[in-house]
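Okay, structure first, notes after.
The values are calculated or read from the model by the stated rules, or taken from the named source; none is laboratory data. As the structure is a prediction and not an experimental result, all values here were calculated from the model. Glycine gets a Cβ as well: all are built from the backbone with ideal geometry, and neighbour counts include every protein chain shown.
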């Protein structure tokens, strides 16, 4: 049972590390992903004759606010995942292990929502990111959704040999 719980915590830590590195990268190499956000929001690389261009956000202040909100969100997710991992580690051998999962579950869910809602629904569909040959992050978002989804499912699974109440 301890080994299964350690595996769940290790997977959770990998997601926490991922979000930590993403947020850290966005802060320390601000301009790289800033360009991505600018182009997606301004819709300047979508199909030229698209009738969706009215959705574009070209105001640099609004673009900046959006990017800062993404970085803050990534940071919150990272913190929730680290705290969740520590809570689980502190109860690794306790019967209350399952009850300590809520912070980790919240962090993973928020992470999934960032990519499913933020990148797939809003970026991909609302801002027609799928039309861009250059600034299209949908495949990477799907990759991250897959990774986070698998970790969430593993965390939600009862431990081997654990009797449900």
Which numbered condition residue 67 fails, given (1) surrounded by 13 or more Cβ atoms within 10 Å (Cβ to Cβ); (2) out of contact with any helix residue (DSSP H, G or I) (no Cβ under 9 Å at 6 or more places or on another chain)
(2)
From 10, 69, grab the single residue that is outside any loop (DSSP other than H, G, I, E, B), under 15 Å from the mean Cα position of the chain (by Cα) and either free of Cβ contacts under 8 Å to residues at least 60 places away in the same chain or over 22 Å from residue 133 (Cβ atoms) (or both).
69
What are the pairs with Cβ atoms under 7 angstrom where one residue, in the range 16-28, is in a helix (DSSP H, G or I) and the other, located anywhere, is surrounded by fewer than 19 Cβ atoms within 10 Å (Cβ to Cβ) and modelled with pLDDT under 95? Sequence gap at least six, or different chains.
26/33
If we keep just the residues of the range 36-55 that are surrounded by 14 or more Cβ atoms within 10 Å (Cβ to Cβ) and without any contact (Cβ under 8 Å) to a residue 24 or more places away in the chain, which is nearest to the chain's Cα centre (by Cα)?
42
For the range 127-143, enumerate the residues that are loosely packed, with under 13 Cβ neighbours inside 10 Å and touching a residue at least 40 places away in the same chain (Cβ under 8 Å).
133, 134
Going residue by residue through the range 74-89, is there one that turns out to be under 15 Å from residue 37 (Cα atoms) and modelled with pLDDT of 95 or more?
yes
Looking only at the range 124-145, decide whether some residue is in a helix (DSSP H, G or I) and closer than 15 Å to residue 8 by Cα.
no
Hey, any hits in the range 16-25 for a residue that's loosely packed, with under 13 Cβ neighbours inside 10 Å, under 22 Å from residue 128 (Cα atoms) and out of contact with any helix residue (DSSP H, G or I) (no Cβ under 7 Å at 6 or more places or on another chain)?
no
Can you pull out the residues in the range 72-102 that are free of Cβ contacts under 8 Å to residues at least 12 places away in the same chain and not in a helix (DSSP H, G or I)?
91, 94
Just wondering, is there one or more residues in the range 107-123 that are out of contact with any helix residue (DSSP H, G or I) (no Cβ under 8 Å at 6 or more places or on another chain), surrounded by 13 or more Cβ atoms within 10 Å (Cβ to Cβ), part of a helix (DSSP H, G or I) and in contact (Cβ under 8 Å) with a residue 40 or more places away in the chain?
no
